[in-house]
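I have placed the structure first, in the form of structure tokens, so that the comments after it can refer back to it.
The values are calculated or read from the model by the stated rules, or taken from the named source; none is laboratory data. Remember, it's a predicted structure, so these values are computed and weren't measured experimentally. Using ideal geometry, Cβ is built from the backbone for each residue, glycine included, and neighbour counts are taken over all protein chains shown.
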Amino acid sequence: MSAVPFSFFMEKRKIMSLGSSLAVTLPKEWVKENGLNKGETVTMTVQRDKNLLLSPDEAFNLKPKRELHLLIGFNEDDESIMRQIIAGFLNGYSFIKLTSNRYFTSQQQSTIRDVTSKLYMMIIEAETGSITLQTLLDESKASVISSIERMHIITYSMCRDVLSSFHDMDRELLQVIYSLEEEVDKLMFLLLRMIRLAAVNPFLAKQLSLDPLDCLDYQTLVHRIERISDHMAQISRSMISIIDLDISVPTEIYSTIQEAAEIAFTTYDMAVRAYLTKDVSRVNEIIDNQRKIADLYMKITPLPYFGKQNNLTALSQIITMREGIKKISHYAADIAELTIDRVYK
């Protein structure tokens, strides 16, 4: 089930006259690699750059089944295992077979199950010394735009709920916000897999309506949204700590951070909507909102003394919230600049 290596080549061929038509012969190596025979049909597609893409008819319907074999050490740590599985998933492998040089420990098995659940994969075979994972995806039937919209909807809902928690200090809601980060990560892995495959597979790129520049821009957009969800999770965790430790935050600091959050979160939503609709009318406003937040923060710089009790803990949580909001504003500006590049592509 391993992928068959393909030998890339380039050669020039003359255009010949064939009755009233013009013809070019096909390279034997290409015909052999694709299993074509006399009488079968091929598909020709004119690309945006006016190049001609030639492909077998089946290429748009068949998904290659590639298998990755990973040897896992008996003492290999969780992070290493996770990184290897994620790399295999992102690079388009349909099957990932993990083999231990002894057997998988209970902790390693737990790690494999956890990362599998985040990657639209399932365990199809499991023994003490080997585990096989299979992807549940059909990339050709997925939608990059719809997946990005879902990713944004979840992330922006985290923003709105954090804003409401500034008033209510609802610990349970904050805990739910924190857990939503995993759903955003799951969509990120899905999108990065599709984008990476489309970048090297022109057949899939055509089905997903992507060109190489789209792949670069969408990858950056996905990373920015994921980083924003990370900061939202950190902010919610800081607010939970403030509640649990019964920390009294000075009114001026709290109201300033809340006002900055409203600007940053609204700006983020505007930025993503502008990108998806190719609307540059508010791009400068989105980018300039960073200055508003910087001016707000000058009011509480340096941070005032909180009192002796829980002083360092309170200060660290407030700094985490402040810097997270500032980062979200920066990422929104990045997305706005991507929008300009996309519109004038």
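I'm checking my understanding of the structure. Among residues of segment 129-145 that are at pLDDT 95 or above and of a type in the set (Ser, Thr, Tyr), which one is farthest from GLU262 (Cα to Cα)?
Among them, the one singled out is SER130.
Please state which one of GLU252, GLU285 is surrounded by fewer than 15 Cβ atoms within 10 Å (Cβ to Cβ) and either outside any helix (DSSP H, G or I) or more than 29 Å from the chain's Cα centre (by Cα) (or both).
Unique residue meeting the criteria: GLU252.
Any residue at all in segment 42-58 that is outside any loop (DSSP other than H, G, I, E, B), surrounded by fewer than 19 Cβ atoms within 10 Å (Cβ to Cβ) and modelled with pLDDT of 90 or more?
no
Considering ILE154, ILE86, ILE112, which residue is part of a helix (DSSP H, G or I), in the same structural domain as THR256 (by TED's automatic domain parsing) and at pLDDT 95 or above?
Just one listed residue meets the conditions, ILE154.
If you scan segment 100-147, which residues turn out to be surrounded by 12 or more Cβ atoms within 10 Å (Cβ to Cβ), among the basic types (Lys, Arg) and touching a residue at least 12 places away in the same chain (Cβ under 8 Å)?
The answer is LYS118, and nothing else.
Table: residues versus (1) surrounded by 13 or more Cβ atoms within 10 Å (Cβ to Cβ); (2) modelled with pLDDT of 75 or more; (3) among the charged types (D, E, K, R); (4) touching a Lys or Arg at 6+ places or on another chain (Cβ under 8 Å).
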position	(1), (2), (3), (4)
LYS12	no, yes, yes, no
SER21	no, yes, no, no
VAL31	yes, yes, no, no
PHE60	yes, no, no, yes
LYS63	yes, no, yes, no
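Do we have any residue at all in segment 223-243 that's more than 19 Å from ILE328 (Cβ to Cβ) and among the acidic types (Asp, Glu)?
No, there is no match, as no residue in segment 223-243 is more than 19 Å from ILE328 (Cβ to Cβ) and among the acidic types (Asp, Glu).
So SER209 fits all but one of (1) modelled with pLDDT under 95; (2) touching a helix residue (DSSP H, G or I) at 6+ places or on another chain (Cβ under 7 Å); (3) of a type outside the set (Phe, Trp, Tyr); what number is the exception?
It is condition (2) that SER209 fails.
Looking for whichever is surrounded by 18 or more Cβ atoms within 10 Å (Cβ to Cβ), basic (Lys, Arg), farther than 30 Å from SER316 by Cβ and within 16 Å of the chain's Cα centre (by Cα) here; the options are ARG224, ARG150, ARG193. Which one fits?
Step by step, each of ARG224, ARG150, ARG193 is checked, and only ARG193 is surrounded by 18 or more Cβ atoms within 10 Å (Cβ to Cβ), basic (Lys, Arg), farther than 30 Å from SER316 by Cβ and within 16 Å of the chain's Cα centre (by Cα).
Provide a single number: the residues in segment 37-53 that are in contact with a helix residue (DSSP H, G or I) (Cβ under 8 Å, 6 or more places away or on another chain) and closer than 17 Å to ARG13 by Cβ.
2
Considering segment 208-217 alone, what residues qualify as being in a helix (DSSP H, G or I), crowded, with 18+ Cβ neighbours inside 10 Å and not charged (D, E, K, R)?
Across segment 208-217, the qualifying residue is only CYS215.
Select from segment 122-138 the residues that are within 20 Å of the chain's Cα centre (by Cα) and in a loop (DSSP other than H, G, I, E, B) and list them in ascending order.
LEU136, LEU137, ASP138, listed by residue number.
Quick check on segment 155-176: of everything there that is surrounded by 19 or more Cβ atoms within 10 Å (Cβ to Cβ) and not small (Gly, Ala, Ser), which residue is nearest to the chain's Cα centre (by Cα)?
THR155
Exactly one of (1) touching a residue at least 60 places away in the same chain (Cβ under 8 Å); (2) in a helix (DSSP H, G or I) is unmet by ILE247. Its number?
Here ILE247 meets the rest and fails (2).
Scan (1) modelled with pLDDT of 90 or more; (2) out of contact with any Ser or Thr (no Cβ under 8 Å at 6 or more places or on another chain) for the single condition LEU71 breaks and write down its number.
(2)
Looking only at residues in segment 288-318 that are among the aromatic types (Phe, Trp, Tyr) and either surrounded by 11 or more Cβ atoms within 10 Å (Cβ to Cβ) or in a helix (DSSP H, G or I) (or both), which one is modelled with the highest pLDDT?
TYR297
List pairs: first in segment 265-279 and outside any helix (DSSP H, G or I), second at pLDDT below 95, Cβ under 9 Å, 6+ apart or cross-chain?
LYS278/ARG342; LYS278/VAL343; ASP279/VAL343
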